[in-house]
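Here is the structure we will look at.
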Amino acid sequence: MTVQKGAEPLRIAMWSGPRNISTAMMRAWENRPDTAVIDEPFYAHYLHATGLDHPGREEVIAAYPTDWRAVAEQLAGPVPGGRPVFYQKHMTHHMLPGMDEDWLDQVVNIFLIRDPRAVIASYVRKRQAITLEDTGLPRQWTLFETVRRRTGGAPLVIDAADVLADPAGVLERLCTRLEIAFDPRMLSWPAGPRPTDGVWAKYWYHAVERSTEFHRPDSDEPALPKHLQSLAADCDDYYRRLRNFCTLR
């Protein structure tokens, strides 16, 4: 079915860690004329609250709300442009302890995962230091469990590898589960930046700005230096737990 005019908007919260085709997925959804998107809306709050030194930290804090309450209200409020679908790209680790989770009941929560070896290999090209928490996987699992408890059922989980292997198939099955029409325009998009990209795009989005579609990586098993192999092993348990719930491949 299609989203009916005048009906309650479909709000999609896509939860992932960094370096996880999350921006490419946002491009795919933004290419639908019925969809508005928002890019990591809790990032400024996360940086302000943790004091972490990320690229463009002060610029991010200056440009976006640092009060998570205002952000949550925005996510559950009117959709930009009055569109019937509101796609929200989220980083799981931006949901810090103490943040109210009631607003999760007003969105469809979906979890996007990726092999942690690929995540780590991509992350350290942009920022050398990386911790288990930086991957977002521990928080992704606790959020998954929170949503499962609140809804009484397991939320959708999508593996980036499955999307890259069969973009049309996975996205069509996802749209079917969401009860909206699949739009083939989700499979390609114009190269370049978007006004909806966060101000951090100049530090992180170089590859996606060159992209026009989903591309399968050259190697599914990137080699990691020895000092990162134990981190990958720590991540692997969370990744495998979540992958057990993948139903769209």
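Odds and ends about this structure:
- Under 12 Å from the Cα of residue 89 - aspartates and glutamates, other chains or at least 8 residues apart: 30, 39, 40, 197
- Ascending count of other beta-carbon atoms within 10 Å, so fewest first, for 99, 14: 99, 14
- Taking amide H as placed 1.01 Å from N in the peptide plane, residue 156 has its amide H under 5 Å from the amide H of 111, each at least 5 places away in sequence or on another chain.
- Counting only residues at least eight positions apart within a chain, or on another chain, the aspartates and glutamates with an alpha carbon under 18 Å from that of residue 226 are 115, 234, 236.
- Our helix-only sum for the chain, with -39,500 (n - 2.57) per DSSP H run of n ≥ 4 divided by its residues, gives a mean residue ellipticity at 222 nm of -11500 deg cm²/dmol.
Bear in mind that the values in this text are calculations on the coordinates, not laboratory data. No experiment lies behind these values; they were computed from the predicted model shown. Note that each Cβ is placed from the backbone with ideal geometry, even for glycine, and that neighbours are counted across all protein chains shown.
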